[in-house]
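Structure first, then comments.
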Amino acid sequence: MELYFFRHGHAEDAQGPDFDDFARKLTDKGVERTQAAARALQKLGVKPARIYTSPRLRARQTAEILSSTLGMAPEAREEVNFGFNPQSIPALISDLPNDLAVMFVGHEPDLSITVGALVGGGEIEMKKGSVVRVDLLARTPLRGVLLWVLTPRVLDVVGS
């Protein structure tokens, strides 16, 4: 199974004591770079059977842009919100065969920590709007191999 981990695009800065982090939306830059990323992923043949997204607005917007190009409607799931970890994944993929792909759209540092744990350790830093591919080797225990990390600049070039 191919697992894709996509960090949401650039979002508004948190401002003021009453600012609602849940409602932070993508900036124009975040929208444009996510659109380029979606085109790049399409060119690379990425076809997720499921796109799971954090329920936070910036992640949902990112997932909606990706899904409009990749052809799969996103599903907001609390498991992909803050606190996402390797233990969140089995329930989300339990009904899927191994020949499919799944994408998770979420936040840092949870995505990097999850990827690192799946591939046996190591440091991974996911910039806003970057994507990582991990191919699952086993479900029990959950482990995989890191195939690639694509930064926003690479996605901009491929998606142009």
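Okay, here's what the table says:
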item	result
Hey, Gly121 more than 10 Å from Phe5 (Cα to Cα) and either surrounded by 12 or more Cβ atoms within 10 Å (Cβ to Cβ) or at pLDDT below 95 (or both) or not	yes
Subset of segment 1-60 that is over 16 Å from the mean Cα position of the chain (by Cα) and part of a helix (DSSP H, G or I) - its residue that is nearest to Val119 (Cα to Cα)	Lys43
Single unsatisfied condition, Ala91 versus (1) free of Cβ contacts under 8 Å to residues at least 40 places away in the same chain; (2) surrounded by 20 or more Cβ atoms within 10 Å (Cβ to Cβ); (3) within 23 Å of Leu137 (Cβ to Cβ); (4) of a type in the set (A, V, I, L, M, F, W, C)	(2)
Any chance Leu150 is out of contact with any Cys (no Cβ under 8 Å at 6 or more places or on another chain) and either open to solvent by 30 Å² or more (accessible area, probe 1.4 Å) or closer than 18 Å to Pro48 by Cα (or both)	yes
Segment 124-141: number of residues that are buried (at least 17 other Cβ atoms within 10 Å of the Cβ), under 14 Å from Pro86 (Cβ atoms) and at pLDDT 95 or above	3
Some residue of segment 140-160 being charged (D, E, K, R), closer than 25 Å to Ala73 by Cβ and not in a helix (DSSP H, G or I)	no
From the options Met103, Met72, residue that is in contact with a Lys or Arg (Cβ under 9 Å, 6 or more places away or on another chain), surrounded by 13 or more Cβ atoms within 10 Å (Cβ to Cβ) and assigned to a loop (DSSP other than H, G, I, E, B)	Met72
Subset tally (residues that are among the β-branched types (Val, Ile, Thr) and open to solvent by 10 Å² or more (accessible area, probe 1.4 Å)) for segment 20-54	2
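The values are calculated or read from the model by the stated rules, or taken from the named source; none is laboratory data. Everything numeric in this text was worked out from a predicted model, so none of it was measured. Don't worry about glycine lacking a Cβ; one is built from the backbone with ideal geometry, like all the others, and counts go over all protein chains shown. Each accessible area value is taken on the protein alone, full model and side chains, heavy atoms only, with ligands, DNA and RNA left out. Shrake-Rupley method; radii C 1.70, N 1.55, O 1.52, S 1.80 Å.
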